[in-house]
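Single-structure report; data block below.
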Amino acid sequence: MYQLGVLGHPVEHSRSPELHYHFAGQFGLSIDYQKLEVLPGTFSEVANRLIQDGWRGCNVTVPYKFDAHDICTARSENAQATGVVNTLSFEPGGVITGHNTDGPGLINDMVHHLDWRLREARILVLGAGGATQGILGALLEAKPSAVHVWNRTHERAVVLSQRQTDVRLEARSTSELEAQYDIIIHASAAGLSGQRVDVPPHVIGSLTCAYDLSYSQEKTPFLTWASSLGAAATADGLGMLIEQAALAFEIWFGQQPSTLALRQAEGLEARA
Ligand code: NAP
């Protein structure tokens, strides 16, 4: 039996357990996957306890992706480049290897499943937390013409955009936002408290594709807003969650699970 889980605060909303039980079933692996609510200031202590208890690894969600990066003794290329970690692998000899599967997971969903075109696109990312830090590199690799980052606390977007020397990447304040982006990605935690980011409606046009990293049974507040403004297509983050989870599973077990059945069960293939 392999011990796994997701660490976050809040974590109750997470659908990671059902995804990993599904993947494990594809290979006849026996796992115990738990949701662990981690209180602020205790991340490192909790992770060390899991290692002592013989856990195989864990996923990391809001707001601990920076803490996860800091406790690693080894990091994948992607984790080094992004500076944030969403997957920890606990290895023999006390080695803690950090990975980030958020960026590739988002690209798998957006480009390979939804068939959205990122090449030459003008992209706006809303939010400048761990999720945004994890996906910016992957977005830039998809060859957009521009990636603008807006955040409630503008200074944080500025610091984030300065992590990379890429002229296509810029922090934009509310008054500097352009009209009718090709792609808008909502990557703030506002949805967790039932709120929506306060950006002007002109950022959405009839050709805009709107993606929300958050996901829920109902259409998220951000996607409801984007649809009301006539966005061409909307998708929530369940597809990304499934794709990043599959990559994490492969890190732990060296086997690549299929995401097809899960996607079909969630009606994701018909969303674009
Ligand atoms: P984080 O590091 O805690 O960052 C939170 C971000 O949200 C910051 O930019 C913060 O702005 C902003 N924010 C929080 N409350 C807000 C509000 N009421 N109005 C406007 N902005 C607000 O969190 P994270 O790790 O980046 O995660 C962000 C979201 O992405 C979460 O909902 C998470 O569940 C989701 N996510 C989904 C997936 C997936 O696979 N689908 C993967 C990763 C993340 P300030 O800087 O101003 O505080």
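The values are calculated or read from the model by the stated rules, or taken from the named source; none is laboratory data. Nothing here was measured: the structure is a model prediction, and the numbers come from that model. With ideal geometry, Cβ positions are generated from the backbone for all residues, glycine too; neighbour counts draw on all protein chains shown. With ligands, DNA and RNA removed, areas are computed over all heavy atoms of the protein, side chains included. Shrake-Rupley method; radii C 1.70, N 1.55, O 1.52, S 1.80 Å.
Can you name the residue in the stretch 221-239 that is open to solvent by 10 Å² or more (accessible area, probe 1.4 Å) and near the ligand (Cβ under 10 Å from one of its atoms) and, of all such residues, is farthest from ARG263 (Cα to Cα)? Give the steps one after another, and end with the answer.
Keep residues of the stretch 221-239 that are open to solvent by 10 Å² or more (accessible area, probe 1.4 Å), which gives 221, 224-225, 227-234, 236, 238.
Within this subset, residues satisfying the condition of being near the ligand (Cβ under 10 Å from one of its atoms) are 236, 238.
On the way: ASP236: 13, LEU238: 9 Å.
Among residues in the stretch 221-239 that are open to solvent by 10 Å² or more (accessible area, probe 1.4 Å) and near the ligand (Cβ under 10 Å from one of its atoms), the one farthest from ARG263 (Cα to Cα) is ASP236.
I'd like to know if the stretch 256-264 contains one or more residues that are open to solvent by less than 10 Å² (accessible area, probe 1.4 Å), basic (Lys, Arg) and in contact (Cβ under 8 Å) with a residue 24 or more places away in the chain.
Within the stretch 256-264, one or more residues are open to solvent by less than 10 Å² (accessible area, probe 1.4 Å), basic (Lys, Arg) and in contact (Cβ under 8 Å) with a residue 24 or more places away in the chain.
For the stretch 86-93, indicate whether the set of residues that are within 22 Å of GLY239 (Cα to Cα), part of a strand (DSSP E or B) and not assigned by TED's automatic domain parsing to the domain that holds VAL167 is non-empty. Break it down stepwise before answering.
Residues of the stretch 86-93 that are within 22 Å of GLY239 (Cα to Cα), as a first pass: 86-88.
Within this subset, residues satisfying the condition of being part of a strand (DSSP E or B) are 87-88.
Filter again for not assigned by TED's automatic domain parsing to the domain that holds VAL167, leaving 87-88.
Looking through the stretch 86-93, at least one residue is within 22 Å of GLY239 (Cα to Cα), part of a strand (DSSP E or B) and not assigned by TED's automatic domain parsing to the domain that holds VAL167.
Out of GLY134, GLY194, GLY127, report the one residue that is at positive phi and open to solvent by less than 50 Å² (accessible area, probe 1.4 Å). Break it down into steps so the answer makes sense when it comes.
Details: GLY134 fails: at positive phi; GLY194 fails: open to solvent by less than 50 Å² (accessible area, probe 1.4 Å).
Checking each option against the conditions leaves just GLY127.
Of the numbered conditions (1) touching a residue at least 40 places away in the same chain (Cβ under 8 Å); (2) within 22 Å of SER76 (Cα to Cα); (3) not aromatic (Phe, Trp, Tyr), LEU160 satisfies every one except a single condition; which is it?
That leaves (1) as the condition not met.
What is the one condition in (1) closer than 26 Å to SER258 by Cα; (2) surrounded by 15 or more Cβ atoms within 10 Å (Cβ to Cβ); (3) away from the ligand (no atom under 15 Å from the Cβ); (4) touching a residue at least 40 places away in the same chain (Cβ under 8 Å) that GLY105 does not satisfy?
Evaluating GLY105 over (1) closer than 26 Å to SER258 by Cα; (2) surrounded by 15 or more Cβ atoms within 10 Å (Cβ to Cβ); (3) away from the ligand (no atom under 15 Å from the Cβ); (4) touching a residue at least 40 places away in the same chain (Cβ under 8 Å) leaves (3) as the failure.
Residues in the stretch 68-85 that are outside any loop (DSSP other than H, G, I, E, B) and either more than 15 Å from the ligand (Cβ to nearest atom) or in contact with a strand residue (DSSP E or B) (Cβ under 8 Å, 6 or more places away or on another chain) (or both): how many?
Quick first cut of the stretch 68-85, residues outside any loop (DSSP other than H, G, I, E, B) only: 68-71, 74-75, 77-82.
After this cut, where a residue has to be either more than 15 Å from the ligand (Cβ to nearest atom) or in contact with a strand residue (DSSP E or B) (Cβ under 8 Å, 6 or more places away or on another chain) (or both) as well, the list is 68-69, 71, 74-75, 77-81.
The qualifying residues number 10.
From GLU45, GLU18, which residue is acidic (Asp, Glu), within 21 Å of LEU213 (Cβ to Cβ) and either open to solvent by less than 30 Å² (accessible area, probe 1.4 Å) or outside the structural domain of ALA189 (by TED's automatic domain parsing) (or both)? Outline the logic, then answer.
Working: GLU45 fails: within 21 Å of LEU213 (Cβ to Cβ).
Residue meeting the stated conditions: GLU18.
Can you list residue pairs whose Cβ atoms sit under 6 Å apart, with the first residue in the stretch 19-37 being among the charged types (D, E, K, R) and the second being at pLDDT below 95? Count only pairs 6 or more apart in sequence or on different chains.
Cβ pairs passing all conditions: LYS35/SER14.
Within the stretch 197-209, work out how many residues are at pLDDT 95 or above, open to solvent by 50 Å² or more (accessible area, probe 1.4 Å) and in a loop (DSSP other than H, G, I, E, B).
Residues meeting the conditions: 2.
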